[in-house]
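Asks: I am attaching a structure below and will ask some questions about it afterwards.
The values are calculated or read from the model by the stated rules, or taken from the named source; none is laboratory data. Since we're looking at a predicted model, the values are computed, not measured. Glycine gets a Cβ as well: all are built from the backbone with ideal geometry, and neighbour counts include every protein chain shown.
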Amino acid sequence: MNVPNRLTILRILLVPVCLLLAGYDHRLAAAIVFALACLTDTLDGHIARKKKLITNFGKFADPIADKILVLSMMIVLCYKHTLPVWLPVILVFRELLVDGLRMVAAEQGRVVAAGWSGKVKTACQMVLIICVLLFGSGTLSWVLSFLVAALTLYSGAEYFWKLKDLFVKDLGL
């Protein structure tokens, strides 16, 4: 198993640690472990591209690891009343819609790589979680929550725009 895939697995293994720390109000420790998990996301992609170590496992597991990390932490922060409940709901809807769209596209032999907006969305989600862990709920977390929601909706719409031709015939347009 190559280094990028090991980093992805490490990120998944850090999820329960982050959840326990955040759940028991060890917010600084949770922020540090979460930031470390986020760092593995940056490193695994960089190493995989630079050293040409891109694998099917990595293509599959990396985005799943990100979603598990971000969404599970958001759910814990909602439970702790430091993040609005509507935010992870928006994220789950977007992820389900985009994953479904990608499956339809794959059936047509089309692969759509993650765009810049998806990468920015994920980075902003991670920054939001770190800020909430460090500073709690307040103006900063609300502003970042709305920014994350907007980026989430935009990046989802970007996928549908890129693949709109998949539905034109079905909708009679």
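Asks: Starting from residues that are without any contact (Cβ under 8 Å) to a residue 24 or more places away in the chain and basic (Lys, Arg), keep the ones in segment 7-50 and report whichever is farthest from residue 70 (Cα to Cα).
Replies: Let us first name the residues in segment 7-50 that are without any contact (Cβ under 8 Å) to a residue 24 or more places away in the chain, namely 13, 16-17, 20-21, 24, 26, 29, 32-33, 36, 39, 42, 46, 49-50.
In the following step, the residues that additionally are basic (Lys, Arg) were identified as 49-50.
Values: 49: 23, 50: 25 Å.
So the residue we want is 50.
Asks: Looking at 62, 99, which is the one that is over 20 Å from residue 138 (Cα atoms), in a helix (DSSP H, G or I), in contact with a Gly (Cβ under 9 Å, 6 or more places away or on another chain) and among the charged types (D, E, K, R)?
Replies: Values: 99 fails: in contact with a Gly (Cβ under 9 Å, 6 or more places away or on another chain).
Exactly one residue qualifies, and that residue is 62.
Asks: Right, residue 110: of a type in the set (Lys, Arg), modelled with pLDDT under 90 and in a loop (DSSP other than H, G, I, E, B) or not?
Replies: On the way: of a type in the set (Lys, Arg): yes; modelled with pLDDT under 90: yes; in a loop (DSSP other than H, G, I, E, B): yes.
Taking the combined requirement at face value, the residue satisfies it.
Asks: Identify all residues within segment 78-96 that are in a helix (DSSP H, G or I) and surrounded by 12 or more Cβ atoms within 10 Å (Cβ to Cβ); write none if there are none.
Replies: Looking only at segment 78-96, we keep the residues that are in a helix (DSSP H, G or I), and these are 78-79, 86-96.
Answer for segment 78-96, where residues must be in a helix (DSSP H, G or I) and surrounded by 12 or more Cβ atoms within 10 Å (Cβ to Cβ): 78, 79, 87, 88, 89, 90, 91, 92, 93, 94, 95.
Asks: Output the residue which, of all residues in segment 21-47 that are surrounded by 16 or more Cβ atoms within 10 Å (Cβ to Cβ) and charged (D, E, K, R), is nearest to the chain's Cα centre (by Cα).
Replies: Applying the filter and picking the extreme gives 41.
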